[in-house]
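Chemist: Provided herewith is a single structure, encoded as structure tokens, for subsequent inquiry.
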Amino acid sequence: MAKRERASALAGGEAGMARRTGMFVQGLLGLSDPPDLRGRIRLHTLSLTRWVAVVGQLFTVLFVHYSLGIALPVEWLLPAIALSALINLALMVTLRAATRLPERAALWLFAYDILQLGYLLALTGGLRNPFAVLVAVPLMLGAATLGLGSTVLLSLLAVATVTFLALVPSPLPWFGVGLPLPGLYVAAVWAGLTMASILIAAYAWRVAEETRRMTDALGAAQMALAREQEMSALGALATAAAHELGSPLATILITAKEMLNELEDDDPLRAETQVLLEQTLRCRTILAGIGRHRDHAEHAPFVRAPLSGILREIAEPYARPGIALEVTSRIAEGLSEPTLVPTPEFRHALGNLLNNGLEFAESRLQVLIEHDYREVRVMIRDDGPGFAPEVLEWLGEPYLSTRRDDGGLGLGVFIATTLLARTGAALHVENARDGAVVTLRWPNEAWRRSFEGKMT
């Protein structure tokens, strides 16, 4: 019993020390406040990676010193490894595994990893140690999760650490005595590690940044589609409300007419009753208009319309005075113009493209529909200035815009491309002699699969 109590007290003391260390580390890293949900890396992911590093360092030191018989200063190496383990354990004890670390906290932890590895290398041969290449590992992990400024700081720290190890002589521990290596070799290792650190950091940050931008842009595309669907749902609710309100308003109208007929001309209530009757008639007129729209809205999902008519309808809200919209069709012999039931994705994507064309056109926007035995094509051509040469090659990428000063986010073409790709369409953009041309192509099979029904 006494042994068990002593063991429990010892375990409690270790947990308490880890908790106190965790609180201290949280203060240094600025984690005292609630965790930032916008953090890019979870504590669990970072802790797992750092445990692998701790175990690898400990195994390497013990194996080289005791199994290979190469003398290492273990009394200086083991405390540094133990400190990393203690910091990792402390963070795991005091924070939830799902906690997302803010950028500053992650930067400090990656910086510590570089400095801790530099300390171990300084005692075991510096750049002569073959494990010196591991300096690039925390730098690569940091570049994949941190912003540009933090990545630059981390790169400078890694280069400074490598430079320090190159300038401070440290013989590589070997059997009996240290293994001397030429200074030229050390200089070559320094140059290689420096270039590798910079290239790895730049590449990792660039790939991660493109992934983040693409993820954010896809989220914006989903929000745009959800907004279209919500508008459709609101229309359905409005028409349902119009239907339900029809009967009560009819009752109010009859009652108001009977009251008006029974009241004398000089009765003070006659004026109020007249107002009530007029407002009731106005409500009935409004509901009748909604009812007509409701009949159209109810049947619209089941009515296939020609593509030209749908494109005119989509472009109508974006019409500009003085800009003519011309929609023409060129159909192969034996075929007819494609018809479809437009989906919210189709409406939003084509709305983006037609809006852009009408906004930049100087006098007219031409839409040509072509249908042959291979594909359906829609060409949107304006007579405006065309796309800027510096963005033409990158059109379709997210957050690419020449109108950021006007509040543009550069997501219109990206959202259109993303939504139309789901229907099997390919989008091509080019500049013509007198404007810009956007071409959409659907193979016939993709058109049938996406918009249902067979084309004739």
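The values are calculated or read from the model by the stated rules, or taken from the named source; none is laboratory data. These numbers come from a predicted model, not from an experiment. Neighbour counts run over all protein chains shown; Cβ positions are idealised from the backbone, glycine included.
Chemist: Output the residues belonging to segment 65-99 that are touching an Asp or Glu at 6+ places or on another chain (Cβ under 8 Å) and surrounded by fewer than 19 Cβ atoms within 10 Å (Cβ to Cβ).
Modeler: Across segment 65-99, there are no qualifying residues.
Chemist: Residues in segment 125-132: is at least one within 26 Å of Ser47 (Cβ to Cβ) and in contact (Cβ under 8 Å) with a residue 60 or more places away in the chain?
Modeler: Yes.
Chemist: Identify, please: which residue in segment 330-375 is among the hydroxyl-bearing types (Ser, Thr, Tyr) and within 14 Å of Trp442 (Cα to Cα) and is, among those, modelled with the lowest pLDDT?
Modeler: Result: Thr339.
Chemist: Can you go through Ala106, Ala90, Ala98, Ala122 and tell me which one is among the aliphatic types (A, V, I, L, M), closer than 23 Å to Pro182 by Cβ and touching a helix residue (DSSP H, G or I) at 6+ places or on another chain (Cβ under 8 Å)?
Modeler: None of the other options fit; the residue is Ala122.
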